[in-house]
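Inspection log for the structure reproduced underneath, given as structure tokens.
FYI, it's all coordinate maths here, none of it is from the lab. It should be emphasised that the depicted structure is a prediction, and the values quoted were computed from it without experimental measurement. In this analysis, Cβ positions are derived from the backbone assuming ideal geometry, glycine residues included, and neighbour counts consider all displayed protein chains.
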Amino acid sequence: MPEIRLNKKNKTVKVVNRNNSLRLQHTGKTGLKGDKGDKGDTGESTFVRVHHGSNANIVRPDAVFVEWVGSVAPLNATTEDTWIDTA
């Protein structure tokens, strides 16, 4: 399963899968700020960030995409979710 790892010390993101590894580095530049986009037909966000810390068994929220933030891999993640390893 592909992983996304964030290193807060040197501000890098590493995307890892079985065959390739890609490193991205934040340049410190900010993006353009503009108007917020529409929320969509439901009026609800389809993205949720969960700070699960060291508890791997947190229940997955009802969202299309979930970003997990914690020191252990979340057990309830789907293949559409991302995980930021804070270990």
**Asked** In which sequence would THR86, THR46, THR79 go, from the one with the fewest C-beta neighbours within 10 Å to the one with the most?
**Response** THR79, THR46, THR86
**Request:** Can you check what the net charge comes to around LEU75, using other residues whose Cβ is under 14 Å from the Cβ of LEU75 (Lys, Arg +1; Asp, Glu -1)?
**Result:** 0
